[in-house]
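First up is the structure itself, then whatever we jot down about it.
FYI, it's all coordinate maths here, none of it is from the lab. Just so you know, these numbers come straight off a predicted model, no measurement behind them. Cβ atoms come from the backbone with ideal geometry, glycine included; neighbour counts cover every protein chain shown.
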There are 2 protein chains.
Amino acid sequence: MLGKREVTVHGTNGIGGRERGRNGEGLASSIDFGPLAHWVGFNLRMAQEAAFQAFSRRSQDVGESPGRFATLTLIARNPGISQTELSHANGRDKSSLTPVVEDLVRRGLVERKRMNSDRRTYRLNLTPAGKKVLTMMTRCARRHERNLDYVIGVRDRKRFIQILKKIAAEIE
Amino acid sequence: MLGKREVTVHGTNGIGGRERGRNGEGLASSIDFGPLAHWVGFNLRMAQEAAFQAFSRRSQDVGESPGRFATLTLIARNPGISQTELSHANGRDKSSLTPVVEDLVRRGLVERKRMNSDRRTYRLNLTPAGKKVLTMMTRCARRHERNLDYVIGVRDRKRFIQILKKIAAEIE
DNA sequence: AGCTTATAGTTTGACATCAAACTAAACGCC
DNA sequence: GGCGTTTAGTTTGATGTCAAACTATAAGCT
């Protein structure tokens, strides 16, 4: 049943009713995804991208970039966390974190202290302002999640997340 | 059972057995992911990232970047496709495609002809060399998929992909 | 103590990506 | 036929990311 089906990549179907010339084997608007249609990797990327875009639009309402959200949450739940720990938890290289933390500190959302016992590492904590922003972002994220739940369906949700975790933890 | 569990973000657990100072509420090496642990968006990102990294390593064996793979497949399955159609099918902005196609043409994997009926659009097709490269990449991708299947389990695989497709198509 | 190695964070350079501005061609309408 | 609008693709500028090189501290060994 799959294999020749159109997947309607972007909801609005930006491809439109265009007709490729006769060299193009005369498909109308539907694209043949070939093996991609059956493969986890491709569909994982497309789903992630779509979900990210949706969340991105939402988080503009609170004036924050979506990437900041996980960062703030992790600092809130693990007060005093170091940047390296944070970057691992967040699945990003520590060097990517440098400008993010810099920005959060500059805007007064995060506080950063050198440790006395090991003066290489910083300890990160949320400021009250940071907590306030996080609260707003969390509300925003909950709306997003409710939306995702609606698409996934409560029945499969738990298993779905379990599989995602398993992939993140066990692949390769 | 969730909520305080460690997810072992990166296999090797780079976080190690470090102890945060007393300001840090004394967690040892385990990170509290808070609500992130239950949320689809975060886990989707982590899974995608992990799968992508794994595939990236694999595709180095055939000397191709992972992003080229979907592009070549889509051209192969839809001969004469235009760049705009391709970018939509691939879930990327058309402007991102310009350098990719340029590179593929330069390396003789893709052939690109102006249409006579509409001289704005190009038609893309694989060259024989492109087909050969695609064959190798496909083998490589199949190994990757087998790996993913192993993690996901055959029982849930079909449903899992269905949900991913549903998210890509229906979110927001 | 002094040397070697490991670790925390930053810097730098390469890329991929998007969005918006742009160019050229086509379409549509009068 | 000419003029405004749409469309295909490119260019440009901003961002976010990684990996590798770097700086500074720390830890271990002899």
Fill in: Computed lengthening from B:Ser65 to B:Ser96, 0.36 nm per intervening residue step minus Cα-Cα distance
9.7 nm
Discussion item. Check which residues have an amide H placed less than 5 Å from A:Val110's amide H, if you skip close sequence neighbours.
Written reply: A:Val105, A:Thr127
Response to the item:
Shortest first and in nm, the label-point separations between B:Arg146 and its counterparts in the other identical copies (7 Å out along Cα→Cβ) come to 4.6
Practice prompt. May I ask you to give the average projected area over all directions of the convex hull of the Cα atoms of segment B:41-128, in nm² rounded to one decimal?
Written response: 6.6
Worksheet item: With labels modelled as points extended 7 Å from the Cα through the Cβ direction, what inter-label distance (nm, one decimal) is found for A:Arg159 paired with B:Thr127?
Response: 4.8
Fill in: Modelled FRET efficiency - R0 45 Å, B:Arg139 with A:Val105, Cβ distances, 0.05 increments
0.40
Discussion item. Quick check for me: using +1 on Lys/Arg Cβ and -1 on Asp/Glu Cβ, what's the dipole size of segment A:104-172 about its Cα centre, in debye to the nearest 20?
Written reply: 400
Worksheet item: Applying the Karplus parametrisation 6.51 cos²θ - 1.76 cosθ + 1.60 with θ = phi - 60° to the phi angles of segment A:37-47, what ³J(HN,Hα) value in whole Hz is obtained for each residue in order, glycine and proline being reported as x?
Response: 4, 9, 9, 5, x, 4, 5, 4, 5, 5, 5
Item to complete: Starting at the first residue of segment B:48-62, write each ³J(HN,Hα) from the Karplus equation 6.51 cos²θ - 1.76 cosθ + 1.60 with θ = phi - 60°, in whole Hz, x for Gly and Pro.
Response: 4, 4, 5, 5, 5, 4, 4, 5, 4, 4, 4, 6, 5, 4, 9
Discussion item. Testing the spin-label approximation: label points 7 Å from Cα along Cα→Cβ at B:Ser117 and A:Arg120. State their distance in nm.
Written reply: 6.5
Practice prompt. Identify, for chain B, the residue whose C-beta comes nearest the rotation axis onto chain A, and round that distance to whole Å.
Written response: B:Gln48, 2
Worksheet item: In debye to the nearest 20, how big a dipole does segment A:78-138 give about its Cα centre with +1 on each Lys and Arg Cβ and -1 on each Asp and Glu Cβ?
Response: 200
Worksheet item: With respect to the cross-link table entries A:Lys158/B:Lys131; B:Lys131/B:Lys158; A:Lys131/B:Lys165; A:Lys94/B:Lys158; A:Lys94/A:Lys132; B:Lys131/B:Lys165, which display a Cα-Cα separation exceeding 32 Å?
Response: A:Lys158/B:Lys131; A:Lys131/B:Lys165; A:Lys94/B:Lys158
Worksheet item: Placing a label point 7 Å from Cα toward Cβ, how far apart in nm is A:Ser30 from its equivalents in the other copies, listed shortest first to one decimal?
Response: 5.0
Item to complete: Would you kindly work out, in nm and rounded to one decimal, the distances from the label point of B:Val62 to those of the same position in each other copy, ordered shortest first, with label points 7 Å along Cα-to-Cβ?
Response: 4.2
